[in-house]
1. Quick check: is even one residue across segment 36-53 farther than 28 Å from residue 183 by Cβ, part of a loop (DSSP other than H, G, I, E, B) and touching a helix residue (DSSP H, G or I) at 6+ places or on another chain (Cβ under 8 Å)?
2. Kindly list the number of the only condition in (1) surrounded by 15 or more Cβ atoms within 10 Å (Cβ to Cβ); (2) at pLDDT 95 or above; (3) not in a helix (DSSP H, G or I) that fails for residue 147.
3. Scanning segment 75-90 for residues that are surrounded by 14 or more Cβ atoms within 10 Å (Cβ to Cβ) and either modelled with pLDDT under 95 or out of contact with any helix residue (DSSP H, G or I) (no Cβ under 7 Å at 6 or more places or on another chain) (or both), which turns out farthest from residue 128 (Cα to Cα)?
4. Look at residue 139 and say whether it is modelled with pLDDT under 95, outside any helix (DSSP H, G or I) and surrounded by fewer than 12 Cβ atoms within 10 Å (Cβ to Cβ).
5. Could you tell me whether segment 105-118 includes any residue that is without any contact (Cβ under 8 Å) to a residue 40 or more places away in the chain, more than 12 Å from the chain's Cα centre (by Cα) and surrounded by fewer than 16 Cβ atoms within 10 Å (Cβ to Cβ)?
6. Scan segment 173-182 and tell me whether some residue there is closer than 21 Å to residue 117 by Cβ and either touching a residue at least 24 places away in the same chain (Cβ under 8 Å) or touching a helix residue (DSSP H, G or I) at 6+ places or on another chain (Cβ under 8 Å) (or both).
7. Could we say that residue 57 is in a loop (DSSP other than H, G, I, E, B), at pLDDT below 95, out of contact with any helix residue (DSSP H, G or I) (no Cβ under 6 Å at 6 or more places or on another chain) and surrounded by fewer than 17 Cβ atoms within 10 Å (Cβ to Cβ) here?
8. If I filter segment 21-34 for residues that are surrounded by 16 or more Cβ atoms within 10 Å (Cβ to Cβ), at pLDDT below 90 and in contact with a helix residue (DSSP H, G or I) (Cβ under 8 Å, 6 or more places away or on another chain), do I get at least one hit?
């Protein structure tokens, strides 16, 4: 009986790397799904058509000025290669990057604040291991005064950032709750389809009723 244990242990030890690789591949695939559902590439694509995905540089026109998307590839020089998972979570949920700078709400952290720990973990693994690093800088966002003072976002967040996370509808089915999570949080539909007030916060009295965004219109999807 004692002799039998050693071949079994050796077989188990040899199988562990394969199991780990399989689990990691599944996690990367799940993270890729989260990135698609979250539409990361829509803003974090390069300014030029056909450029590398997630490398940033895309210009977002806002009433405050032009906001330039960041490089979110795992480049250690220009991207998020040095981010910890907690730092990514803080950017997604609190709108604060690894340098402690407040992000502008063109990055829909007001929606992403409800993302689950599981989705953030999968997204982190995907961005770090499933995306090719692009060592390419992007221009710095330079808004006019007073919008260039990022510390002002601290007060804006106190008023407009709801950090309670995803709240299930009592008595609703799993399908309805999943749909709510996608619409309100991960897919952040209201970020475009809900009109904004003079302080650029979403006007929840007109939830998903349609809004003008730069040169195009997000239709009413109620």
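The values are calculated or read from the model by the stated rules, or taken from the named source; none is laboratory data. These numbers were taken from a predicted model, which means no experiment stands behind them. Ideal geometry is used to build each Cβ from the backbone, glycine not excepted, and the neighbour counts take in all protein chains shown.
1. No, because not a single residue in segment 36-53 is farther than 28 Å from residue 183 by Cβ, part of a loop (DSSP other than H, G, I, E, B) and touching a helix residue (DSSP H, G or I) at 6+ places or on another chain (Cβ under 8 Å).
2. The one condition residue 147 does not meet is (2).
3. Of all residues in segment 75-90, those surrounded by 14 or more Cβ atoms within 10 Å (Cβ to Cβ) come to 75, 78-81, 83, 85, 87-90.
Now drop any that are not either modelled with pLDDT under 95 or out of contact with any helix residue (DSSP H, G or I) (no Cβ under 7 Å at 6 or more places or on another chain) (or both), which leaves 75, 78-79, 81, 83, 87, 90.
Working: 75: 9, 78: 13, 79: 10, 81: 7, 83: 9, 87: 13, 90: 16 Å.
Selected residue: 90.
4. Details: modelled with pLDDT under 95: yes; outside any helix (DSSP H, G or I): yes; surrounded by fewer than 12 Cβ atoms within 10 Å (Cβ to Cβ): yes.
Against the criterion (modelled with pLDDT under 95, outside any helix (DSSP H, G or I) and surrounded by fewer than 12 Cβ atoms within 10 Å (Cβ to Cβ)), residue 139 qualifies.
5. Within segment 105-118, the subset without any contact (Cβ under 8 Å) to a residue 40 or more places away in the chain is 117-118.
When the remaining residues are screened for being more than 12 Å from the chain's Cα centre (by Cα), the result is 117-118.
Now restrict to residues that are surrounded by fewer than 16 Cβ atoms within 10 Å (Cβ to Cβ): 117-118.
Looking for residues that are without any contact (Cβ under 8 Å) to a residue 40 or more places away in the chain, more than 12 Å from the chain's Cα centre (by Cα) and surrounded by fewer than 16 Cβ atoms within 10 Å (Cβ to Cβ), one finds at least one in segment 105-118, hence yes.
6. Step one: filter segment 173-182 for residues closer than 21 Å to residue 117 by Cβ, giving 174, 177-182.
Checking which are either touching a residue at least 24 places away in the same chain (Cβ under 8 Å) or touching a helix residue (DSSP H, G or I) at 6+ places or on another chain (Cβ under 8 Å) (or both) leaves us with 181-182.
Yes: one or more hits.
7. On the way: in a loop (DSSP other than H, G, I, E, B): yes; at pLDDT below 95: yes; out of contact with any helix residue (DSSP H, G or I) (no Cβ under 6 Å at 6 or more places or on another chain): yes; surrounded by fewer than 17 Cβ atoms within 10 Å (Cβ to Cβ): no.
Criteria not met by residue 57.
8. Restricting attention to segment 21-34, the residues satisfying the condition of being surrounded by 16 or more Cβ atoms within 10 Å (Cβ to Cβ) are 27-28, 30-32, 34.
This time we only want the ones that are at pLDDT below 90, so: none.
No, because not a single residue in segment 21-34 is surrounded by 16 or more Cβ atoms within 10 Å (Cβ to Cβ), at pLDDT below 90 and in contact with a helix residue (DSSP H, G or I) (Cβ under 8 Å, 6 or more places away or on another chain).
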